[in-house]
Amino acid sequence: MLLYFKPGACSLASRIVLIELDLPFEAMAVDTQAGTTKAGADYRRINPKGYVPALEVAPGVIVTENPAVLQYLADHVPEAGLAPAAGTLDRVRLQEWLNFISAELHKAFGPYFHGDVLEGPEKARVEATLLRRIDDVEAGLSDGRPFLLGTVFSVADAYLFVVLHWTSFIGVDLARWPCISAFMTRMLARPAVRKALAAEGLLQDEAA
């Protein structure tokens, strides 16, 4: 498999899952602004939507959209248990979280990374939306569960970790959310997470 990624972007979740599953893969960095890969290829010929992740699962066969890529990977190695079986209520719960993270939480970070200066009422509105979505995650973890689906790590946890990790770049302190803080500490203790962060230059004390 070939993972098209941007360092620190949501494609990091796919890298974490690939490492968790011990699947062989290569990774190709993408400059999404320029629309080119590190090798100089036109990225829009690979993924016309222009963003990451994109996963080449066979020559010329590309899977895009984070929830789809993550579920594809989990189903590729079902015995690892990173996604409940299709057709079960637990699988629906996984899809609920993946859709929430993608459509609501991930989207709430968008204004911070568009390059515009946030100020005044617009800044307050954007901050309020983001904090409300983080509150939603805190509520989802407030029953003491270590992971989103309970006691078992899933692909949704990888995605959640990556998105919440962006708070470190925009100055939002997760300490105000104790359940989330414990979740992030738990995730950072996972070898696959640390290896993935190091591979993208986000954890300097680990070998990539």
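FYI, it's all coordinate maths here, none of it is from the lab. A quick note: this is a predicted structure, and the numbers were derived from the prediction, not measured. Quick reminder, even Gly has a Cβ in these numbers, built from the backbone with ideal geometry, and neighbours come from all protein chains shown.
Listed values, structure above:
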read-out	value
In the chain, lysine pairs with alpha-carbon atoms under 25 angstrom apart (chain gap of 8 or more, or interchain)	8
Stretchable slack from Val61 to Phe113, in nm (0.36 nm times residue separation minus alpha-carbon distance)	15.8 nm
Dipole of the stretch 46-134, positive end: most advanced residue of Phe113, Gly87, Val126 [Cβ charges, Cα centre]	Val126
Calculated Kirkwood radius over Cα pairs in Å (choose from [x] 17.7; [y] 17.0; [z] 18.3), label	[x]
Cβ crowding within 10 Å averaged over residues, with 35-45, 104-114 ranked highest first	104-114, 35-45
Per-q log10 I(q)/I(0), the stretch 105-208, q = 0.17, 0.22 Å⁻¹ (Debye; single scatterer per alpha-carbon; no solvent)	-0.85, -1.23
Value of relative contact order over the stretch 1-107, rounded to a whole percent, pairs C-alpha under 8 Å and six or more apart	23 percent
Beta bridges by DSSP in the stretch 1-143, antiparallel share as percent, to the nearest 5	70 percent
DSSP H segments from the chain that extend 20 Å or more along their own axis, Cα-based, with Kyte-Doolittle mean of -0.5 or above	120-141
Cα-centre dipole for the chain with unit charges at Cβ (Lys and Arg positive, Asp and Glu negative), debye to 20	140 debye
